[in-house]
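Have a look at the structure below before the remarks.
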Amino acid sequence: MMYRPYTRPSRRIPVLVIAIVILLAAVIAGFARNYKRWESQSPEVMFDRDFKALGRTPALKMTVHDPGTGLKHVTIRLKQKDQDVVLADEELNRDGSKTYDLGQLIADKYKIQDGPASINISASDHSLRNMFRGNQTELTKEFSFYVNPPRLEVLEGQHYINQGGSECVVYRVSENTETSGVFVGDHFFPGYPVKGSDKNLRFALFALEYDWPPDAPMKVIARDGAGNEVSAGFWHKVFPKKFRSRDIPLEDSFVQKVVPEIISHTPEFKDQGDPVKTFVQINSNLRKKNHETITKLAAQSPGQFLWNGAFLQLSNSKVESLFADRRTYVYQGKPIDQQDHVGFDLSVVQHYPIEAANDGKVIVADYFGIYGNAVLIDHGAGLISLYGHMSEIGVKPGQMVKKKDVLGKSGATGLAAGDHLHFGLFLHGVPVNATEWWDEKWIKDHVRDRFPR
Ligand SMILES: [Zn+2]
């Protein structure tokens, strides 16, 4: 009998299986090893600021970033009219990121002309995707070059400025102006378009604060979207003023009346344990904070006058304290604090109706720190009036009011010893002397007549 050896398939199959398993493992291992090289995240391009326009020597940096396989190639081109210039074109060695000083590259390699231009950036990384060419990023940014600074011409006029007072300047700018206004020292007062006339005409109300030096430099500036700036002086003369100094004796009864009330309305303000210490904190820090809030509110002010004619001093009122009185607070014979009184204290009788000094929009009608129950009215172009220490408030924020409208009743809330109105005027947050604004003639000479008719 023939004996055919029986070959058992079971001996071959395991070999095949093992071979397949080994092959699969190799593929998986290979893929795992190269997995990261197949990442799909494209390089990112970031400018250090947003821009619509650039000047002659722009400050501008750009970073190309690739967190995956790293950068392979970056090209930066600048196009304008007939010019097409390569600012950078380089191979990179898997850098995670690279920053380019675009301002410097433009200054070095480009001949700037006025008008529209574009920057084009293309970047790739070391990923194996896209037939091993890597992930690609392509970005084009359109903008304009402004070669020439704006033009600026201040309208003729003599500006007599009282220390602690206000003033107005009218000037003409060229169309490319984005920001303009007056600098008094380093304090900026923004300008606004003059309604209904030459669209390049601007006005700015500004102030010389009572404690700023009388020789503080003053100039008008105009700036374009590229940051090119031009400035112009204007004829002005400052009248230095002396302000009064007074001692305010602090009684325990007064401290015990005002401190708990203010603390209870001002949760963010911490009781210092000792009422006199808390009083000093309120008198200095809360006062400062309240004035900072007024500065912030002024930034939202509409760019036109909401008021009409002279501002009103509260009817029948007697002036109890003057603007910019320097007050030394004396406790048990010792001076413990000094603050300046940036407004007028006006008294009539208890719970006297408080009248709006002029037309405007109520922007605060609430408990307001040292001023107790207070109303703030925005009169436009950065001018805000404050009515403090009221017993009752009868208006709401957002409400438009007319001159002499009743805002509430006088009282003694906040830092007040007796019933009176504290009236303050602030120009872009700078306290100004209200006597000027109460005077029709001053308004005509210093504000109204500056505008061409
Ligand atoms: Zn006061």
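Quick check on packing: order 383-392, 250-259, 91-100 by the mean number of other C-beta atoms within 10 Å, highest mean leading. Working shown, then result.
Details: 383-392: 23.8, 250-259: 15.6, 91-100: 13.8.
So the order, starting with the most tightly packed, is 383-392, 250-259, 91-100.
Model label sites at residue 254 and residue 52, defined 7 Å from Cα along the beta-carbon direction, differ in position by 5.3 nm.
Within the shell of other residues whose beta carbon sits under 14 angstrom from the beta carbon of residue 359, the net charge comes to +1, with Lys and Arg scored +1 and Asp and Glu -1.
Residue 237 sits with roughly 90 Å² accessible to a 1.4 Å probe, with DNA, RNA and ligands left out of the calculation. Here the gap between residue 85 and residue 304, fully extended at 0.36 nm per residue and compared with their Cα-Cα distance, gives a gain of 74.2 nm.
In whole percent, what relative contact order does the chain give with Cα contacts below 8 Å and a gap of six or more residues?
Working: 1023 pairs, mean separation 51.4, N = 453.
For the chain, the relative contact order is 11 percent.
Tally up the carbon and sulfur contribution to the accessible surface of segment 19-90 as a whole percent, 1.4 Å probe, everything protein left in place.
Numbers: 2690 of 4420 Å².
That share works out to 61 percent.
A simple packing score, the average count of other Cβ atoms within 10 Å per residue, orders the peptides 366-372, 238-244 as 366-372, 238-244, with the highest score first. The alpha carbon centroids of segment 212-262 and segment 176-202 are separated by 20 Å. Rolling a 1.4 Å probe over the protein chains gives residue 327 an accessible area of about 40 Å².
Leaving ligands and nucleic acids out of the surface, order 124, 40 by accessible area at 1.4 Å, largest first. Can you show the working numbers first?
Working: 124 10, 40 75 Å².
Of 124, 40, the descending order of accessible area is 40, 124.
Rounded to the nearest 0.05, what FRET efficiency do residue 288 and residue 197 have when you use their Cβ-Cβ distance and R0 = 41 Å? For residue 288 and residue 197, the calculated efficiency is 0.55.
For the peptides 115-122, 170-177, the ranking by mean Cβ contacts within 10 Å, running from highest to lowest, is 170-177, 115-122. The portion of the accessible surface of segment 118-247 made up by carbon and sulfur, rounded to a whole percent, is 47 (1.4 Å probe; DNA, RNA and ligands excluded). The simple spin-label model puts a point 7 Å past each Cα toward its Cβ; for residue 338 and residue 271 those points are separated by 3.2 nm.
Taking 0.36 nm per residue of separation and subtracting the Cα-Cα distance, what length does fully extending residue 26 through residue 404 add?
Working: separation 378, 0.36 × 378 = 136.08 nm, distance 9.00 nm.
Gain on extension, residue 26 to residue 404, equals 127.1 nm.
Here the label points at residue 107 and residue 65, each 7 Å from Cα along the C-beta direction, are separated by 2.6 nm in the simple model. Across every pair of non-identical alpha carbons in segment 99-236, the mean reciprocal distance, once inverted, gives a Kirkwood radius of 18.4 Å.
For residue 292, the accessible surface of its heavy atoms amounts to roughly 90 Å² (probe 1.4 Å, protein chains only, rounded to the nearest 10).
How much of the calculated P(r) for segment 200-290 lies past 17 Å, in percent of all Cα pairs? Don't skip to the answer; put the middle values down first.
Working: 2814 of 4095 pairs.
It works out to 69 percent of all Cα pairs.
Per residue, the accessible area of the chain comes to 52 Å² when a 1.4 Å probe rolls over the protein heavy atoms.
Cα centroids of segment 396-453 and segment 274-306: how far apart, whole angstrom? What the calculation gives is 16 Å, centre to centre. Full extension of the chain between residue 396 and residue 451 gives 16.5 nm of extra length, using 0.36 nm per residue less the Cα-Cα distance.
The values are calculated or read from the model by the stated rules, or taken from the named source; none is laboratory data. Just so it is clear, the structure is predicted and the values come from calculations on it, not from any experiment. Positions of Cβ are generated from backbone atoms using ideal geometry, with glycine treated the same way; all protein chains shown enter the neighbour counts. Heavy atoms of the whole protein, side chains included, go into the accessibility calculation; ligands, DNA and RNA do not. Shrake-Rupley method; radii C 1.70, N 1.55, O 1.52, S 1.80 Å.
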